[in-house]
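Just below is one structure, and these are the notes that go with it.
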Amino acid sequence: MAWVAAVPLWGFTKHTITIAHEGGHAMFGVLFGQKVEGVRLDRGGGGVTNFPPKMPWLADLVITLAGYLGPSALGLGGVFLLRHDHPEWVLWASLGLLLMILIKLRNPLGFATVIGTGIVLYWVARHWADPAQLAFGYFWVWFLLIGGVRTITGLFWGTVSGDKGSDAAVLEGLTFLPDVFWLAVFWLGTMAALVYGGAIMLHL
């Protein structure tokens, strides 16, 4: 079911993964003491997190890296909670992160996506029985892990077409390593998270 949601139904679910992507940028921006000026989602499935035009090099590097690795990192966090028999914590932690990004959203599509996702997670956390919560927790974590890999497809086509606004292109400007290198880093990172996290869940 998670694969169906993250691949064949990507046109309907991609904005949820974009929330995790932009949330990764925003979270590390806060950790590095940078002001998050706003988050926007666009109809094509992309998004942008606005920071001050000038940031320290290391902060800019880590914040940019955190985007495409964000959904997979959240998925691995969910794997840890499932491994310790806390499926309800997966839902409440996700709700907490949604609430944090909600206050930084700056467009109606972003609000609709975050609120809609939050309503689903809250309903499951509050009203579903424990076995159903466990099943949904597995679905949600698998969805984050698979969706993290799925986002690399868009980055690949952006890199091929010479998109200078992509995260890979930004990292190229920061490090002088080609955007293809950073595309590979993102793909390997998300695939490693899917394989590692998936292997753990299949043995739980």
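Throughout, read-outs are computed from the coordinates displayed, never taken from laboratory work. These figures come from a predicted structure and were not determined experimentally. Cβ sites come from the backbone with ideal geometry, for glycine too, and all protein chains shown count toward neighbours.
Neighbour counting of Cβ atoms within 10 Å sorts the residues Glu37, Glu88, fewest neighbours leading, into Glu37, Glu88. The translational diffusion coefficient of the stretch 2-202, from Stokes-Einstein at 4 °C and 1.567 mPa s with a Kirkwood hydrodynamic radius over alpha carbon pairs, comes to 76 µm²/s.
Helices in the chain, meaning DSSP H runs of at least 4 residues, each add -39500 (n - 2.57). Divided by all residues, the mean residue ellipticity at 222 nm is -26000 deg cm²/dmol. Remark: the stretch 70-121 is approximated by an ellipsoid whose semi-axes, taken from the C-alpha gyration tensor as √(5λ), come to 23, 11, 8 Å, largest first. For the stretch 125-204, the orientation-averaged shadow of the C-alpha convex hull comes to 6.8 nm² (one quarter of the hull surface). Each Cα pair under 8 Å and six or more residues apart adds its sequence gap; the mean of these over the residue count of the stretch 45-204 is a relative contact order of 34 percent.
Annotation: amide H-H contacts under 5 Å for Gly47 (H modelled 1.01 Å from N, sequence separation of 5 or more, or interchain): Asp42.
Which one of Pro71, Pro56, Pro178 has the biggest mean-square fluctuation once the chain is modelled by GNM with Cα springs under 10 Å? Greatest mean-square fluctuation among the candidates belongs to Pro56. Within the stretch 85-127, the trypsin sites (Lys or Arg not before Pro) that combine a DSSP coil assignment with at most 16 other C-beta atoms in a 10 angstrom radius are Arg106. Couplings 3J(HN,Hα) for the stretch 162-169, derived from phi with the Karplus relation 6.51 cos²θ - 1.76 cosθ + 1.60 (θ = phi - 60°), are x, 5, 8, x, 6, 4, 5, 5 Hz, where x marks Gly and Pro.
Would you mind pulling out the separation of the Cα centroids of the stretch 79-129 and the stretch 158-204, in Å? Each part reduced to its Cα centre gives a spacing of 25 Å. Placing +1 on the Cβ of every Lys and Arg and -1 on the Cβ of every Asp and Glu, with no other charges, gives the chain a dipole of roughly 320 debye about its Cα centre.
The phi torsions of the stretch 139-147, fed into the Karplus equation with coefficients 6.51, -1.76 and 1.60 and a -60° offset, translate into couplings of 4, 4, 5, 4, 4, 5, 5, 5, x Hz, rounded to whole numbers, with Gly and Pro shown as x.
Could you tell me which trypsin sites (Lys or Arg not before Pro) in the stretch 1-84 are loop residues by DSSP with no more than 11 other beta carbons within 10 angstrom of their beta carbon? Counting only loop positions with at most 11 other Cβ atoms within 10 Å, the trypsin sites (Lys or Arg not before Pro) in the stretch 1-84 are Lys35, Arg43, Lys54. Over the stretch 43-108, the Kirkwood radius and the radius of gyration, each from Cα atoms, give a ratio Rg/Rh of 1.04. Counting Lys and Arg as +1 and Asp and Glu as -1 over every other residue whose Cβ lies under 13 Å from the Cβ of Thr175, the net charge comes to -4.
Computed from phi, the 3J(HN,Hα) profile of the stretch 170-186 under the Karplus parametrisation 6.51, -1.76, 1.60 (θ = phi - 60°) reads 4, 5, 4, x, 7, 10, 6, 7, x, 4, 5, 4, 6, 4, 5, 4, 5 Hz, with x in place of Gly and Pro.
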